[in-house]
Amino acid sequence: MSVVVLISGRGSNMEALLRAKIPVAAVISNVAGAGGLAIASRHGIPTLVVKHGDFATREAFEDALVHEIDRFAPSLVAHAGFMRITTARYVDHYAGRAMNIHPSLLPSFTGLHTHERALAAGVKVHGCTVHFVTAELDAGPIFLQAAVPVLAHDTVDALAARVLRQEHVVYPRAVRWFLDGKLSIQNGRVHVKGNDAQLAYSDTP
Ligand code: GRF
């Protein structure tokens, strides 16, 4: 049982997985110099870079990425701030064994700049979602969500930090449940053996 983590940046969710003692076989980034690579190395985890810019097409990039991932034969591929849209071929290859953390309560605010958009919309509750990766962006079956309040004078940074704290709680939890075989998908909905109530988590400031 092992996990390959894909990152593009600072890697705080990846670090949360390491701190939770998730068995991470390797960390792969599409960005050379991504901050998370140094963190992974400090934890003694093998790191690789597969730069998307080195390939003529998205497919060629993904072929190289899949080749590197599969060398580790992971049970799960965990996207953790991995800023590439994946093709249907990639999604099929990892069907049911690739997950992502997204900084909003899906299906609201798919895509980028979620915190700015949440503030602009005036929502009173925001949060994060762990979901399976599917062909449609940020739309796969939802594992686990954490909600946080949006406060009257929130800034984007304050709200992002509040959400990120919960990302670091729910992502390791979801990965652990996956590895422990506790999750199942029925009719596109995720269930956790024994206690579906565990799939919601709420923070109070
Ligand atoms: C997180 O907010 C994650 O939800 C989003 O990108 C950010 C990555 O942060 N997909 P980090 O690299 O894990 O610190």
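The values are calculated or read from the model by the stated rules, or taken from the named source; none is laboratory data. As the structure is a prediction and not an experimental result, all values here were calculated from the model. Note: ideal-geometry Cβ built from the backbone for every residue, glycine included; neighbour counts use all protein chains shown.
Among the conditions (1) β-branched (Val, Ile, Thr); (2) assigned to a strand (DSSP E or B); (3) more than 30 Å from Lys193 (Cα to Cα), Val148 misses just one, which is (3). For the stretch 21-45, a tally of residues being within 21 Å of Asp70 (Cα to Cα) and loosely packed, with under 14 Cβ neighbours inside 10 Å returns 3. Screening Val150 with (1) in contact (Cβ under 8 Å) with a residue 12 or more places away in the chain; (2) more than 12 Å from the ligand (Cβ to nearest atom); (3) under 24 Å from Val5 (Cβ atoms) gives one miss only, at (3). Applying the criterion of being of a type in the set (Ser, Thr, Tyr) and part of a loop (DSSP other than H, G, I, E, B) to the residues of the stretch 105-133, the residue that is nearest to the ligand (Cβ to nearest atom) is Thr110. Within this structure, Gly96 passes the test of being of a type outside the set (A, V, I, L, M, F, W, C) and either assigned to a loop (DSSP other than H, G, I, E, B) or surrounded by fewer than 13 Cβ atoms within 10 Å (Cβ to Cβ) (or both). Of all residues in the stretch 42-81, those that are closer than 25 Å to Thr110 by Cβ, within 16 Å of the ligand (Cβ to nearest atom) and either in contact with a Gly (Cβ under 9 Å, 6 or more places away or on another chain) or without any contact (Cβ under 8 Å) to a residue 60 or more places away in the chain (or both) total 2. When restricted to residues that are within 16 Å of Ile142 (Cα to Cα), within 16 Å of the ligand (Cβ to nearest atom) and free of Cβ contacts under 8 Å to residues at least 60 places away in the same chain, the stretch 82-99 contains 1.
Being closer than 30 Å to Val150 by Cβ and either within 16 Å of the ligand (Cβ to nearest atom) or at pLDDT 95 or above (or both) is the requirement here; does His102 meet it? Show your work before the answer.
On the way: closer than 30 Å to Val150 by Cβ: yes; either within 16 Å of the ligand (Cβ to nearest atom) or at pLDDT 95 or above (or both): yes.
Answer is yes for this residue.
Considering each residue of the stretch 1-36, count those that are part of a loop (DSSP other than H, G, I, E, B) and either touching a residue at least 60 places away in the same chain (Cβ under 8 Å) or among the hydrophobic types (A, V, I, L, M, F, W, C) (or both), and give that number. Reasoning before the result, please.
Step one: of the stretch 1-36, the residues part of a loop (DSSP other than H, G, I, E, B) are 1-2, 8-11, 20-23, 30-34.
Pick out the ones that are also either touching a residue at least 60 places away in the same chain (Cβ under 8 Å) or among the hydrophobic types (A, V, I, L, M, F, W, C) (or both) and you get 1-2, 8-11, 20, 22-23, 31-32, 34.
Adding up the residues that qualify gives 12.
Checked against (1) outside the structural domain of Leu6 (by TED's automatic domain parsing); (2) crowded, with 21+ Cβ neighbours inside 10 Å, Tyr90 meets all criteria but (1).
Can you tell me which residue in the stretch 175-205 is surrounded by the most Cβ atoms within 10 Å (Cβ to Cβ), limited to those that are at pLDDT below 95 and within 16 Å of the ligand (Cβ to nearest atom)? This residue is Tyr201.
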